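Each remark here refers to the structure printed beneath this line.
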Amino acid sequence: MALYSEKVMDHFRNPRNVGVIEDADGIGEVGNAKCGDIMKMYLKIEDDIIKDVKFETFGCASAIASSSMATELIKGKPVEDAMKLTNKAVAEALDGLPAYKMHCSVLAEEAIQSALDDYESKRGKKG
Ligand code: FES
């Protein structure tokens, strides 16, 4: 059996939503100290809807595929839904990740959470 699903390979080779949003409403950056991979998420939010999302990932194939899939899963969705996105949902949407690569999908969940936290604190709701 192939190590990676077709979907992982597709999102790794043709990642969706790569880049930077200059006037982002929320930015989150997270890293994994063990592997050294870094993920940065940018959110553009209007009326509590994720209007746009972009990412930059300096990491492995699974991290890039997870970031790409995570952006697809939250784009156009309410902030509330994006807050509930789990790494499990990202991995499932990719038709699975090898067990030792699950932490790559955790980075995607954390990067989005961090960007949402930034958005909330900028709006003065938190912190
Ligand atoms: Fe660390 Fe994939 S190996 S994010």
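Could you please give the count of residues in the stretch 28-40 that are surrounded by 21 or more Cβ atoms within 10 Å (Cβ to Cβ) and within 10 Å of A115 (Cα to Cα)? Can you show your working first?
Of all residues in the stretch 28-40, those surrounded by 21 or more Cβ atoms within 10 Å (Cβ to Cβ) come to 28, 39.
Pick out the ones that are also within 10 Å of A115 (Cα to Cα) and you get 28.
Selection size over the stretch 28-40: 1.
Among V20, V30, V90, which is the only one that is within 15 Å of the ligand (Cβ to nearest atom) and free of Cβ contacts under 8 Å to residues at least 40 places away in the same chain?
Working: V20 fails: within 15 Å of the ligand (Cβ to nearest atom); V30 fails: free of Cβ contacts under 8 Å to residues at least 40 places away in the same chain.
None of the other options fit; the residue is V90.
Within the group L73, L43, which residue is crowded, with 16+ Cβ neighbours inside 10 Å, at pLDDT 95 or above, out of contact with any strand residue (DSSP E or B) (no Cβ under 8 Å at 6 or more places or on another chain) and at negative phi? It would help to see each step written out before you state the result.
On the way: L43 fails: out of contact with any strand residue (DSSP E or B) (no Cβ under 8 Å at 6 or more places or on another chain).
The unique qualifying residue is L73.
Mind listing whichever residues of the stretch 98-113 are within 24 Å of D47 (Cβ to Cβ) and either more than 15 Å from the ligand (Cβ to nearest atom) or outside any helix (DSSP H, G or I) (or both)?
Q113
Let me spell it out: the conditions are (1) crowded, with 24+ Cβ neighbours inside 10 Å; (2) within 14 Å of F12 (Cβ to Cβ); (3) touching a strand residue (DSSP E or B) at 6+ places or on another chain (Cβ under 9 Å), and G59 meets all of them except one. Which number is the exception?
(1)
The values are calculated or read from the model by the stated rules, or taken from the named source; none is laboratory data. Computed from a predicted structure; not experimentally measured. With ideal geometry, Cβ positions are generated from the backbone for all residues, glycine too; neighbour counts draw on all protein chains shown.
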